Number of protein chains: 4
Amino acid sequence: MSTERIPVGLVGVTGYTGMELARILARHPSFDLVAATSRAEAGRKLADVYPFLLGMDIGAVEISQPDPDQIAAKCSLVFLAVPHGAAMDMAADLLARDVKVVDLSADFRLRDTDSYAQWYGLEHRHAALVREAVYGLPELYADAIARTRLVANPGCYPTSVILGLLPLLRNGLVETDTIVADSKSGATGAGRKAAVGTLFCEVADSFRAYNLGRHRHTPEIEQELSRLAGIPLAVSFNPHLLPINRGILSTLYARFIDETPTVEALYDIYAETYAKHEFVRVLPPGRLPETRWVRGTMYCDIGLVCDPRTNRAVVVSAIDNLCRGASGQAVACANLMSGLPLAEGLSMPPLMP
Amino acid sequence: MSTERIPVGLVGVTGYTGMELARILARHPSFDLVAATSRAEAGRKLADVYPFLLGMDIGAVEISQPDPDQIAAKCSLVFLAVPHGAAMDMAADLLARDVKVVDLSADFRLRDTDSYAQWYGLEHRHAALVREAVYGLPELYADAIARTRLVANPGCYPTSVILGLLPLLRNGLVETDTIVADSKSGATGAGRKAAVGTLFCEVADSFRAYNLGRHRHTPEIEQELSRLAGIPLAVSFNPHLLPINRGILSTLYARFIDETPTVEALYDIYAETYAKHEFVRVLPPGRLPETRWVRGTMYCDIGLVCDPRTNRAVVVSAIDNLCRGASGQAVACANLMSGLPLAEGLSMPPLMP
Amino acid sequence: MSTERIPVGLVGVTGYTGMELARILARHPSFDLVAATSRAEAGRKLADVYPFLLGMDIGAVEISQPDPDQIAAKCSLVFLAVPHGAAMDMAADLLARDVKVVDLSADFRLRDTDSYAQWYGLEHRHAALVREAVYGLPELYADAIARTRLVANPGCYPTSVILGLLPLLRNGLVETDTIVADSKSGATGAGRKAAVGTLFCEVADSFRAYNLGRHRHTPEIEQELSRLAGIPLAVSFNPHLLPINRGILSTLYARFIDETPTVEALYDIYAETYAKHEFVRVLPPGRLPETRWVRGTMYCDIGLVCDPRTNRAVVVSAIDNLCRGASGQAVACANLMSGLPLAEGLSMPPLMP
Amino acid sequence: MSTERIPVGLVGVTGYTGMELARILARHPSFDLVAATSRAEAGRKLADVYPFLLGMDIGAVEISQPDPDQIAAKCSLVFLAVPHGAAMDMAADLLARDVKVVDLSADFRLRDTDSYAQWYGLEHRHAALVREAVYGLPELYADAIARTRLVANPGCYPTSVILGLLPLLRNGLVETDTIVADSKSGATGAGRKAAVGTLFCEVADSFRAYNLGRHRHTPEIEQELSRLAGIPLAVSFNPHLLPINRGILSTLYARFIDETPTVEALYDIYAETYAKHEFVRVLPPGRLPETRWVRGTMYCDIGLVCDPRTNRAVVVSAIDNLCRGASGQAVACANLMSGLPLAEGLSMPPLMP
């Protein structure tokens, strides 16, 4: 541990992704959190804001104002856990000071800045950096991640949808114009901002859909799936809010081009695709994932169904939206960017039940 | 109230549908529960088994063994809340004794007894009664329900799916070969039998899919949708288990045949279809249902989205699986069979939150 | 229903108590909601704010600004569901205009205005009205409630604690200086204000204590218990936050003065005390209440344990904090103030499960 | 990791404590699970029974029948996660074969076998072993644990109650005849047996007390507290069931003998008592614990209140009932018995939220 550890920073500690980064970094053997920022909480220690960190070294880190010079003076890599729009400037400031950046916001995910402007209602101010950024999905871009200084950490929904459909599209097994992604997310996905709509009593013991067909993760999903399919495609992406803290389960529908394969045949394709990817677990035929099986981890669990009645593949993928869908994936990217093994500090078993 | 009330019976009190019937009948102004049966609990009073009924007249009803003669001696109408397979014989026994029957099981829902045998693994022993039974969805069959002596009370998932797609199919607006129903149900739908899989700690803070493409409600859904469409169709029906007690939310996907209408145009069609059906609430454009808005009630709430990007209708329907999806709908049918208003004893507001 | 119904108003619709009043009034046979106010939502209809009210008459009520003249012109009785401090002035304004008032806030609960000032940090501006107000617990003050024009509706915790201890103290069975009330409340008790601390993800799958020994309901509990005991007493009252929507369960500890009675003997005392009070259900020995058994209702369920090892009575009382602990009790008081039966419009069975 | 690892066994994998042991051992650096037994699941692999273990070495362990010879041939230490009554014989069998044992059941916790017979309705068959067993609470018995071959792993409730009251009793600060422990536990504490009472729909969105004054953990609590106080004492111990998976929060009431100290003074006493115990975190005055802050960990968090109005200490202690209250504590004891640091493999941060 000691002098060898890499000094890292965390900009934006008060949201759930910041909290999750603190949880992971608390026990990361190679990263040393030396700077944590928050405009609202500056001056307090991390453990004052998050008593669950009491008794750990990380709890003693003092929160400061987000000053790029001060951060750059201490850190060689920084995680940005601030809203889109704000992240791009901070990223630019830090990169200009020779600090590597993993941005958890959406600011560098879309290759097409027009698309960004359209879906996020904001002109991009750093188009050059967009061209440089690498989309931080290790199963697709591990090598590029290892070489870049700027990672656009994937959205939570896109992570679950892309990993679930990847083998189908890369192998040209399904029609590209009938894909439906019906996704369900835990409430940490809605953020930690005070709001009536995400109060306990507005979410508990209930279930609802939202932003059907117009969620901002749609272009991100389509960008990566189109690339995999080799042609532009549109996806019907439809999110729902689950009364749980963590977890995304996406039920993915696609029609086979040829006749329905057996589930065993499809399993073989998936198993082969993900053979070398330790964080994707293809469940044996007959089993379907549960969000709790991946709770607190980097795993993406995938279950497969082939329905000959409708000639459809029904793929179910489950991730922890906070860990795999955000902060854990960010640490995985940082690992690669730092020459560390992908799984460094990320091999915790799921918290079950 | 008094001497005018209609004496009714309840066969099978120990499951959640039996419990819900007791809740509704406790305050029904025109039905008087005079017989309640359970092999396991015979000899106890309802309020001993269900302390939440303490202090209500219904709590004093003594549970008896399910003897058709004794039931028929007391009741003019009986609700069957026993498993499929067992229900059909009890129904036959009671009908033979001039008692009207509302069967909450699947035994009389499928017109085609071959389909029944195939999906339920059981030869039907009362095919003649199948031909006589009326599918108890008031929005489709109110008149026939009022005239029959045997109602096959619809399944919970089919109620949500059929009501959600009815206006699209009846008006020929969508393709019939690309329909996907992604349904999510609360855990009361899994029944009240001791089982590890539905223990609190196996369901709470988690989410999972099950029986994808092979749930037994599939042929029931297809039977009614085919009839509405005028041609046989297959549906990709895929259920999920929510960590909530009550509620089904179905997200329904169908591609428009012509170009995408405005959501306002689609709303008008839905609003007109359901104008005279007090228990279906079509939400204004821009609003999507939440299961809690229908908790404890007969309402089916429907939200509409038209997605021009994929030329799809995305319809979201929400019901309370126990009330509208089972026992409340059974009471509504019993109301019609007894010459009472559909909503008699069923106009409770949702329990919010 | 028609012309006989009593026109009532609701000041403050946007909180959970306002929402619950709307739910109850939606089906009340004798009250007609003719005015509903909210500064934030004025101009909208109730069903626009609360879509669960769609399809009911009450949903069409238009929300207005809280103007005493306009309210008094329409209503003969008004429910105040606004914060303490604000309620007292509105109560004075309405009483001056000959409108009866049921105040759900704490403003008129404490007889002693010094105590009010001390616990609420606020000088009382209407001491004369305090002397006139009746504490709205029907089991204690039904006659006075029927005659007053101003009811101080009890707090949720006090309702559960007072009803649970009443027979012990009135009969002088327990020491008055060792009483402990360990109370657990659902999250609706925390109100419907946007706040990080009551977000779903801050409450779900967790449990915590708060305000131990210094919750504002303490003096209210002590006021009524002292009156029952005939001497001043102090209670150790300690609230906790449950990850559920509705329900308070209070576990109440008191040492017997004489030797430990049998639980049957204690049951007889409780049963006799509450024999004529339909909304208190004393459970038979061996049974303990569950919050779900009273969900959505006016019931206070009480379970009894006599522990000879420690010579203690352990009494468990359960209520629905929103219905019995707030809005339902307010309607019960309004019933009495209007010459109606206590239970008018309040005899709904619990929503189970 | 390799050849140095200590081979351990797990008897009883199908309950929640067995599951939790698997979770912890999956990443333990010094223990190697080489035997796992279950009568019901013998022949399957751990990951077949628990898919959340897929992709980990431990998942490949094959479950066998619980044969003492076979277990002893492979293991130097065994965790017993089977019910009381069954555990004592297996412990004797394994000890006779020179295998160290950590018994998670109650069989060796009570020094007094008469008390065992009375509370568990069972004559103890291995009284000599009872005398030899060490109560596995590291804060009290670390040295003895390190030297014994048989640990009686503490119950979940006793762990939370004893740690919460220890400084008060050891320092003689409170009366010993008025102690009340009001404890609330998550549902994993009820075990993983199929039962209607712990179905999701019987526990969710509700709260209840059970076994008031007669829970089997009472004599265990009294044994250790009496020893700390130096005189026999009786405690009013009263458990409740929370609708959460993991976590116990105990609210502990005791009257000061002298006048009420300041909370700062009491904090100093607690902080000093636990200064060298890394897994007890005394929260600063003004803070109260939440079960989620210790989720998945060995921490016992303690919050303190001094109430001068009633001269009472109100101590709130929170643990994870499965980790600290069972399997984690068992691994901590095994660490000590094996000459390893107490915290080996147990330093995971809490899963928040």
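The values are calculated or read from the model by the stated rules, or taken from the named source; none is laboratory data. The structure displayed is predicted, hence computed values, not measured ones. Positions of Cβ are generated from backbone atoms using ideal geometry, with glycine treated the same way; all protein chains shown enter the neighbour counts. The accessibility values were calculated without ligands, DNA or RNA, using every heavy atom of the protein model including side chains. Shrake-Rupley method; radii C 1.70, N 1.55, O 1.52, S 1.80 Å.
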State which residue pairs qualify: first residue open to solvent by 10 Å² or more (accessible area, probe 1.4 Å) and inside segment D:220-239, second residue hydroxyl-bearing (Ser, Thr, Tyr) in any location, beta carbons under 8 Å apart, and separation of 6 or more residues or different chains. D:GLN223/D:SER115; D:ALA229/D:THR176; D:ILE231/D:THR176; D:PRO232/D:SER226; D:LEU233/D:THR176; D:LEU233/D:SER226; D:ALA234/C:THR310
Out of all the residues in segment A:281-325, which are away from chain B (no Cβ under 11 Å), open to solvent by less than 10 Å² (accessible area, probe 1.4 Å) and in contact (Cβ under 8 Å) with a residue 24 or more places away in the chain? A:GLY296, A:THR297, A:MET298, A:CYS300, A:ILE302, A:ILE319, A:ASP320, A:ASN321, A:LEU322, A:CYS323, A:ARG324, A:GLY325
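Please go through segment C:196-219 and pick out each residue that is in contact (Cβ under 8 Å) with a residue 40 or more places away in the chain and within 13 Å of chain D (Cβ to nearest Cβ).
Residues satisfying the conditions are C:VAL203, C:HIS215, C:THR218, C:PRO219.
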Subset of segment A:95-112 [over 20 Å from the mean Cα position of the chain (by Cα) and open to solvent by 40 Å² or more (accessible area, probe 1.4 Å)]: A:ALA96, A:ARG97, A:ASP98
Can you name every residue in segment D:132-172 that is over 30 Å from D:ASP89 (Cβ atoms) and touching a Phe, Trp or Tyr at 6+ places or on another chain (Cβ under 6 Å)? D:PRO167
So is C:ASN335 buried (at least 21 other Cβ atoms within 10 Å of the Cβ) and outside the structural domain of C:LEU25 (by TED's automatic domain parsing) or not? yes
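Table: residues versus (1) aliphatic (A, V, I, L, M); (2) at pLDDT below 95; (3) farther than 30 Å from D:ILE269 by Cα; (4) in the same structural domain as D:SER76 (by TED's automatic domain parsing).
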| residue | (1), (2), (3), (4) |
| --- | --- |
| D:ALA128 | yes, no, yes, yes |
| D:ARG147 | no, no, no, no |
| D:VAL151 | yes, no, no, no |
| D:VAL161 | yes, no, no, no |
| D:LEU165 | yes, no, no, no |
| D:LEU168 | yes, no, no, no |
| D:THR178 | no, yes, no, no |
| D:ASP182 | no, no, no, no |
Name every residue in segment A:177-190 that is surrounded by fewer than 24 Cβ atoms within 10 Å (Cβ to Cβ) and away from chain B (no Cβ under 12 Å), in order of residue number. A:ALA190
Could you list, in sequence order, all residues of segment D:131-161 that are crowded, with 20+ Cβ neighbours inside 10 Å and over 17 Å from the mean Cα position of the chain (by Cα)? D:THR148
Every listed condition ((1) facing another protein chain (nearest Cβ under 8 Å); (2) surrounded by 20 or more Cβ atoms within 10 Å (Cβ to Cβ)) holds for D:LYS193 save (2)
Taking B:ASP205, is it open to solvent by 10 Å² or more (accessible area, probe 1.4 Å) and farther than 19 Å from B:LEU110 by Cα? yes
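Inspect all residues belonging to segment D:138-159 and state whether any of them is small (Gly, Ala, Ser), in contact (Cβ under 8 Å) with a residue 24 or more places away in the chain and within 14 Å of chain C (Cβ to nearest Cβ).
no
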Would you mind telling me which numbered condition in (1) more than 9 Å from every other protein chain (Cβ to nearest Cβ); (2) in contact with a strand residue (DSSP E or B) (Cβ under 9 Å, 6 or more places away or on another chain) A:GLY172 fails? (2)
Pick from segment D:236-257, criterion aliphatic (A, V, I, L, M) and closer than 16 Å to D:LEU173 by Cβ, ranking: farthest from the other protein chains (Cβ to nearest Cβ): D:ILE257
Among the residues of segment B:258-272, are any touching a residue at least 40 places away in the same chain (Cβ under 8 Å), in a loop (DSSP other than H, G, I, E, B) and either crowded, with 24+ Cβ neighbours inside 10 Å or within 12 Å of chain A (Cβ to nearest Cβ) (or both)? yes
Here is a list of conditions, (1) farther than 26 Å from D:ILE145 by Cβ; (2) out of contact with any Lys or Arg (no Cβ under 6 Å at 6 or more places or on another chain); (3) open to solvent by 20 Å² or more (accessible area, probe 1.4 Å), and D:ARG27 meets all of them except one; can you say which number that is? (1)
Are any of the residues in segment D:137-148 among the β-branched types (Val, Ile, Thr) and within 26 Å of D:VAL305 (Cβ to Cβ)? no
Flagged in segment A:291-305 as out of contact with any Phe, Trp or Tyr (no Cβ under 8 Å at 6 or more places or on another chain) and closer than 17 Å to A:THR260 by Cβ, in numbering order, are A:GLY303, A:VAL305
Please state which of the following conditions C:THR113 fails to meet, knowing it meets all the rest: (1) touching a helix residue (DSSP H, G or I) at 6+ places or on another chain (Cβ under 7 Å); (2) closer than 23 Å to A:GLU202 by Cβ. (2)
